[in-house]
C-alpha cells in the first residue's frame, strides 16, 4: 500500500508541476482578493474582523482548490486506477497532496494578507500551527466530499452545499484558536483547542479511510 500511495502522490505532484494551472490560479485568486480588500479598507485594526476576513478568503480558496480532486480525473482514468491501486491508497494520496497544496496556499495568503492589510498577530508560531492544522482538516473533509460530489453532474455545487455545514465545527474552533494567537493570549488558554483540531483531523482521515472504498466501488 505504501508503494501505491507513494506512486499516486508522486503522480499528483508531477501533474501539478507540469501544468501549474491549479496552483497559479489559486495564488492569483488569493492575491487579487487580498488586494481588493486592501483597496476597500486599506488597513484593518480590529483583530476579530482581520481574522474573519482571512479565514473567509482561505475557505473559498480551499474549496476551489479541492473541488477538482476527483472532477479533473476522467472516468477512463478513474477506471484505470481502479484496476491498479487500492481505494485507500487513492484517497490517502489525494488528501496528502491537497494538504500540501492548501498549506502552501495558506502560507502565501497569510504573507500577502499581512503585507497589504497589516499583521496584528502577536503569537505567530501558534497562528501558523493553526493554519497548518486548518489546511489539513479542510483537505481531508473537502477531498472526501469531492469524491461524493463527483458522482453527480453538479459536483461543484454539491461540494459547496455539503462542505459548509460539515466544516462548521472545525471552522469555529479555528476562529477561536487563531483569534487567541492574534491577541497574544497565554498558551494555556489556547491549548485546549489543539486536541480538538487534531481529533477532528483524525476523525476525517479515519472516515475517509473506511468509507471511500464503498464510493470507489460504485
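The values are calculated or read from the model by the stated rules, or taken from the named source; none is laboratory data. Model, not experiment: these values are computed from the prediction. With ideal geometry, Cβ positions are generated from the backbone for all residues, glycine too; neighbour counts draw on all protein chains shown.
Regarding region 67-83, can at least one residue be identified that is in contact (Cβ under 8 Å) with a residue 12 or more places away in the chain, under 14 Å from the mean Cα position of the chain (by Cα) and assigned to a helix (DSSP H, G or I)?
Looking for residues that are in contact (Cβ under 8 Å) with a residue 12 or more places away in the chain, under 14 Å from the mean Cα position of the chain (by Cα) and assigned to a helix (DSSP H, G or I), one finds at least one in region 67-83, hence yes.
Please tell me if residue 181 is buried (at least 19 other Cβ atoms within 10 Å of the Cβ), in contact (Cβ under 8 Å) with a residue 24 or more places away in the chain and over 12 Å from the mean Cα position of the chain (by Cα).
Yes: the conditions hold for residue 181.
Could you check region 110-154 and list, in sequence order, the residues that are outside any helix (DSSP H, G or I) and either more than 25 Å from residue 38 (Cα to Cα) or out of contact with any helix residue (DSSP H, G or I) (no Cβ under 7 Å at 6 or more places or on another chain) (or both)?
Correct list: 118, 119, 150, 151, 152, 153, 154.
Against the conditions (1) over 14 Å from the mean Cα position of the chain (by Cα); (2) under 26 Å from residue 127 (Cβ atoms), where does residue 161 fall short? Just the number, please.
(2)
Tell me, please, whether a residue that is touching a helix residue (DSSP H, G or I) at 6+ places or on another chain (Cβ under 7 Å) and not in a helix (DSSP H, G or I) can be found in region 27-49.
Yes - at least one qualifying residue is present in region 27-49.
Among the residues of region 39-46, are any at pLDDT 75 or above, surrounded by 13 or more Cβ atoms within 10 Å (Cβ to Cβ) and over 16 Å from the mean Cα position of the chain (by Cα)?
yes
When you go through (1) over 12 Å from the mean Cα position of the chain (by Cα); (2) within 27 Å of residue 144 (Cβ to Cβ); (3) modelled with pLDDT of 80 or more one by one for residue 59, which number turns out not to apply?
The one condition residue 59 does not meet is (1).
Given (1) more than 21 Å from residue 31 (Cα to Cα); (2) outside any helix (DSSP H, G or I), where does residue 180 come up short, assuming only one miss?
For residue 180, the failing item is (2).
If a residue has to be under 24 Å from residue 119 (Cβ atoms), surrounded by fewer than 16 Cβ atoms within 10 Å (Cβ to Cβ) and touching a helix residue (DSSP H, G or I) at 6+ places or on another chain (Cβ under 8 Å) to count, how many in region 184-216 make the cut?
Matching residues across region 184-216 total 2.
Is there a residue being modelled with pLDDT under 85, on the phi < 0 side of the Ramachandran plot, within 14 Å of the chain's Cα centre (by Cα) and crowded, with 19+ Cβ neighbours inside 10 Å anywhere in region 90-111?
Looking for residues that are modelled with pLDDT under 85, on the phi < 0 side of the Ramachandran plot, within 14 Å of the chain's Cα centre (by Cα) and crowded, with 19+ Cβ neighbours inside 10 Å, one finds none in region 90-111, hence no.
Please work out which one of (1) within 19 Å of residue 65 (Cα to Cα); (2) at pLDDT below 90 is the condition residue 133 fails and give its number.
(2)
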